Each structure stands twice: as structure tokens, then as C-alpha cells.
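The values are calculated or read from the model by the stated rules, or taken from the named source; none is laboratory data. What you see is a predicted model; the values in this text were computed from it and never measured. All Cβ positions, even for glycine, are placed from backbone atoms using ideal geometry, and neighbour counts span all protein chains on display. Ligands, DNA and RNA are excluded from the accessible area calculation, which covers all protein heavy atoms including side chains. Shrake-Rupley method; radii C 1.70, N 1.55, O 1.52, S 1.80 Å.
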Amino acid sequence: MLHDKLKAYHIILASGSPRRQQFFKELQINCEIRLKPVEEVYSEALQGSEISDFLAQLKASAFANELNPQEILITSDTVVWHKNKSLAKAADANEAYQMLCTLSGDWHEVITSVCFTTSKTQKIVNHSTKVKFKKLSDDEIWFYINTYKPYDKAGAYGIQEWIGLIGIEEIKGSYTNVVGLPTQLVYKTLSDMVS
């Protein structure tokens, strides 16, 4: 069992996301939450998973030369990719409204990259899930924004919240990936690293 193998390691999760932290608890992976501020700036030439890969590695770079041999640092980033454009976190209600109008009635991709860093190695993996929204009404969009204030989420929505329950018609790929962490891939990668 991975739980037993990890007793020889110290896992550091560099994420302030309550959803990612909860997934680690549910995976029975003990971890320390250690946060460092990182300015999430990337080249406009990057597309899709290149963006989330770059940002996950950028977050890891803040810990350069700090890791002990038994420590594994985990950083991640989620991108909502639609019509060759990345939809990041919305700054305010109007931006959230514009994003949800864009996603309404259409497919988009949710890509999460996870970077595993030790004192000697670094491995990055990513998963892409295709998600389709029904045609959302203005009333539904504004009710969601005003009630849930989804400003900390890529694409201005959380699939596990009201908008996901009433608005998601179809999903192809990992559900947990859309929430913010491809749990099966994280479990497998960690297992491979410590086996």
C-alpha cells in the first residue's frame, strides 16, 4: 500500500486549494501544507497543457535547493482551455459572467498539471478532461456568481458546486481532475516514485 511506503517520506503539498488538500486526506496521504507566493506569469506562446505544466514547475522553483532527500514536493496548476484561450480566475463578477457566457452551451477542456519534485529529480504529469455545459440562462449564471462567488477557480466555476449540478451535460475524462486534482494519476505517480 502506498500509505505504508510513504512513511519513509515527507510529502509537502504547496497548494492553498481546500479541494486539493481534501483529496490528499481522502487518498490517505499525509502531507504538510507549505505555501510560497509565486507570480503566475507565462508566455502567451504557451498553449493548453504547456501553460499548466509551466506554472506547476514555476511553483516548484520557489522551493529550489530547500528540499531534504526524503521530501517530495507536490505543486499543481489547473487551466480551463476554450477556443484556444486560457480562462484563468475571474477578477470580479462581470469577468466571471463573461467566462460563463463563453462556456455556456459548449465543450471546453480542463487541464491539471502536477509536478513532483525531490532534491534530485522532477517529474511532471498532466490530465485533460473534456466538459460540456448546457445552455445557461442569465438568471442561472448570476444566481451562481452572487451565491458562490467563484473567483478562486479557473474558468469561474466549480463542477462540484450548484452550477455543475445543474449545468454539466457531459464529461469525458477524470471528474476529480475538473475539481482540481487527477487523483488516480497522482496516486500512480507517487506509487511509481517510491516503489
Take the residues in the stretch 147-195 that are surrounded by 14 or more Cβ atoms within 10 Å (Cβ to Cβ), over 24 Å from I51 (Cα atoms) and among the small types (G, A, S); name whichever of them is nearest to the chain's Cα centre (by Cα). G164
Name, by its number, the condition in (1) more than 17 Å from the chain's Cα centre (by Cα); (2) surrounded by 11 or more Cβ atoms within 10 Å (Cβ to Cβ); (3) among the charged types (D, E, K, R) that does not hold for K7. (2)
Selection from the stretch 44-60 of residues that are open to solvent by 20 Å² or more (accessible area, probe 1.4 Å) and at pLDDT 95 or above: A45, L46, Q47, S49, E50, D53, F54, Q57, L58, K59
Going by the structure shown, is T121 buried (at least 18 other Cβ atoms within 10 Å of the Cβ) and out of contact with any strand residue (DSSP E or B) (no Cβ under 6 Å at 6 or more places or on another chain)? no
Of everything in the stretch 131-146 that's farther than 14 Å from L165 by Cβ and not hydrophobic (A, V, I, L, M, F, W, C), which residue is most open to solvent (accessible area, probe 1.4 Å)? K135
Please tell me if A14 is within 20 Å of V178 (Cα to Cα), of a type in the set (A, V, I, L, M, F, W, C) and surrounded by 13 or more Cβ atoms within 10 Å (Cβ to Cβ). yes
Unmet criterion (only one of (1) within 25 Å of I159 (Cβ to Cβ); (2) of a type outside the set (K, R); (3) open to solvent by 30 Å² or more (accessible area, probe 1.4 Å)) for P37: (1)
For W107, state whether it is within 17 Å of S174 (Cβ to Cβ) and among the aromatic types (F, W, Y). yes
With E140, E161, E169 as the choices, which residue is under 25 Å from S15 (Cα atoms) and charged (D, E, K, R)? E161
Using the structure shown, decide if G16 is of a type outside the set (F, W, Y) and either closer than 16 Å to Y187 by Cα or without any contact (Cβ under 8 Å) to a residue 60 or more places away in the chain (or both). yes
Quick one: which of L35, L46, L58, L100 is assigned to a helix (DSSP H, G or I), of a type outside the set (D, E), without any contact (Cβ under 8 Å) to a residue 60 or more places away in the chain and out of contact with any His (no Cβ under 8 Å at 6 or more places or on another chain)? L58
